[in-house]
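Structure record follows, encoded as structure tokens.
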Amino acid sequence: MGKNKEKKIQHYSSSQKILLVGEGDFSFSACLARAFRSATNMVATSLHSKDTLLTKHWSCEPHLEDLERRGCLVLHEVDVYDMDQHPTLMSMKFDVIIFNFPHAGHFSWLCERNEELIEMHKELVQAFFNSARKMLNRDGEVHVAHRDDYPYYEWKIVELSQRADLYLKEKVAFYKVDYPGYHNKRGGDIECNKTFPLKSCFTFKFSLQKNTAHMPDNDNQTSAK
């Protein structure tokens, strides 16, 4: 009986079918798996091949081993642009799809406030929403952890979600300490295995149904304390 008891961490539980995309070193997936004592309800994915991942995020190895030991389905070379067409994922539906701190990459000639880079970020997030909405169960949610200070609020992710017929259900503060062992990695090709500052961060929860009770007037109204 005890083995089947639902286990939770923050917004997530062992009873949910969870897809994680854009994982860096898989430390967030591993954190959930440890909390659940199992990962049979999870699919964790990375954009990179396993060989590339081991080069870019060499800290991933123990997390991958832990996930596989706990029964997680780990997939590499999954692109959020067309993940709904992935041969393994295309027949699956999920209760929660998580994309933590989406980022289109780092470039030596572009800073975060550069309009060209902001447009690249927006294109990535829009493609993710377009694909993710097709993979949700009826009452499922898409979760995006995102900084909401300048220039990140210029991405206008709530507006992007609406273009994919997704609606903001709730916006809650994201604190790294709530996820023991999680290391937010930069990605890209510049200092890719290093972390980045997490200021004014939130988990934006989107659903297929409108829920005006929890919707703020805009997507940068609330701030973390």
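The values are calculated or read from the model by the stated rules, or taken from the named source; none is laboratory data. These numbers come from a predicted model, not from an experiment. Counting neighbours? That spans all protein chains shown, and the Cβs are built from the backbone with ideal geometry, glycine included. Please note that ligands, DNA and RNA were not included when accessible areas were found on the heavy atoms of the full protein model with its side chains. Shrake-Rupley method; radii C 1.70, N 1.55, O 1.52, S 1.80 Å.
Looking at the square roots a ≥ b ≥ c of the eigenvalues of the Cα gyration tensor of segment 45-138, which shape do they give, rounded for a/c under 1.5, prolate if a/b is larger than b/c, or oblate?
Oblate is the answer for segment 45-138, as a/c is 1.5 or above yet b/c matches or exceeds a/b.
Can you check how the C-alpha radius of gyration of the chain compares to 2.2 N^0.38 Å, as a plain ratio?
0.97
How high is the relative contact order of the chain, in percent, with contacts defined as C-alpha pairs under 8 Å that are six or more residues apart?
Over the chain, the number comes to 20 percent.
Quick one: of the DSSP bridges fully inside the chain, what percent are antiparallel, nearest 5?
Here the share of antiparallel DSSP bridges comes out near 50 percent.
Tally up the carbon and sulfur contribution to the accessible surface of the chain as a whole percent, 1.4 Å probe, everything protein left in place.
Ligands and nucleic acids excluded, carbon and sulfur give 47 percent.
Under a 1.4 angstrom probe, counting protein chains only, how are Trp155, Trp58 ranked by accessible area, largest first?
Solvent-accessible surface, decreasing: Trp58, Trp155.
Name the long-range amide H neighbours of Asn100: under 5 Å, sequence gap of 5 or more, or other chain; modelled H, no Pro or chain starts.
Correct list: Val21, Ala145.
Taking the solvent-accessible surface of protein heavy atoms with a 1.4 Å probe, what is the per residue accessible area of the chain in Å²?
In whole numbers, the chain has 50 Å² accessible per residue.
Which helices, counted as full DSSP H runs in the chain, have an axial Cα extent of no less than 24 Å and a Kyte-Doolittle average of -1.0 or above?
115-132
Of the residues Asp165, Asp66, Asp139, which exhibits the maximal mean-square fluctuation in a Gaussian network model of the chain defined by a 10 Å Cα contact cut-off?
Top of the fluctuation ranking is Asp139.
State the Cα centre-to-centre distance between segment 147-167 and segment 85-140 in whole Å.
So the two Cα centres are separated by 11 Å.
Which value in deg cm²/dmol, rounded to the nearest 500, describes the helix-derived mean residue ellipticity at 222 nm for the chain, given -39,500 (n - 2.57) per DSSP H run of n ≥ 4 and division by the residue count?
Helix-only estimate at 222 nm: -6500 deg cm²/dmol.
Taking the Cβ of Ser14 as the centre, find all other residues whose Cβ is under 10 Å away and add up their charges (Lys, Arg: +1; Asp, Glu: -1).
+3
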